[in-house]
Amino acid sequence: MKSDALRGHLDALLLATLDGGHLHGYAIIEALQLRSGGALTLPTGTVYPALRRLETAGLVAGEWSTVGGRRRRTYRLTKAGQRALAAERTAWREFTTAIEGVLGGGPWPAQA
């Protein structure tokens, strides 16, 4: 998938990936790839700065843990993140409905 197609949607994708669970950064990347059927393969250099930005904005909370002797940061949605995700989902549905109306190939209204 073209990276341009993701522009403006990365935050929503990350929030949706964290919906209902706590994940560390690499698990988020794997979940995005799995849930997209392999279409989304985002580099760590894209995901980690976005997670830090979402954390600074108060939409996700991160905490350090040690697993197998390695430290890693696990992220989860905050209440504000849940509200932001709900708003993103509504906006996405409205956007896709409008675009489908144009690109969907349906008949045009008759010209007078």
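Couple of notes before you dig in:
- Residue that is farthest from Thr74 (Cα to Cα), among those in the stretch 17-36 that are assigned to a helix (DSSP H, G or I) and among the polar types (S, T, N, Q): Gln33
- Applying a threshold of 8 Å to beta carbon distances and a minimum spacing of six or more residues, or different chains, the list of pairs starting in the stretch 72-101 at a residue that is among the β-branched types (Val, Ile, Thr) and ending at one that is at pLDDT 95 or above and part of a loop (DSSP other than H, G, I, E, B) reads Thr78/Gly58; Thr78/Leu59.
- In the stretch 37-48, the residues that are within 16 Å of Ala27 (Cβ to Cβ) form Cβ pairs under 7 Å with partners that are of a type outside the set (Asp, Glu) and part of a loop (DSSP other than H, G, I, E, B), at six or more places apart or across chains, as follows: Leu40/Met1.
- For the stretch 74-95, the count of residues that are among the charged types (D, E, K, R), farther than 19 Å from Leu14 by Cβ and either assigned to a helix (DSSP H, G or I) or under 24 Å from the mean Cα position of the chain (by Cα) (or both) is nonzero.
- Looking at Glu100, Glu55, just one residue is modelled with pLDDT of 95 or more and either within 22 Å of Leu6 (Cα to Cα) or among the charged types (D, E, K, R) (or both), and that residue is Glu55.
- Positions within the stretch 53-77 being in contact with a Phe, Trp or Tyr (Cβ under 7 Å, 6 or more places away or on another chain), of a type in the set (D, E, K, R) and closer than 17 Å to Ile29 by Cα, in sequence order: Arg73
- Scan of the stretch 96-112 for residues that are of a type outside the set (Asp, Glu) and in a helix (DSSP H, G or I), ordered by number: Thr96, Thr97, Ala98, Ile99, Gly101, Val102, Leu103
- Evaluation of Ala39 against (1) part of a strand (DSSP E or B); (2) surrounded by fewer than 14 Cβ atoms within 10 Å (Cβ to Cβ) (one fails), failing number: (1)
- Selection count where residues are surrounded by 14 or more Cβ atoms within 10 Å (Cβ to Cβ) and in a strand (DSSP E or B), scope the stretch 42-71: 3
The values are calculated or read from the model by the stated rules, or taken from the named source; none is laboratory data. The shown structure was predicted, so the numbers you read here are calculated from the model rather than taken from an experiment. Neighbour counts run over all protein chains shown; Cβ positions are idealised from the backbone, glycine included.
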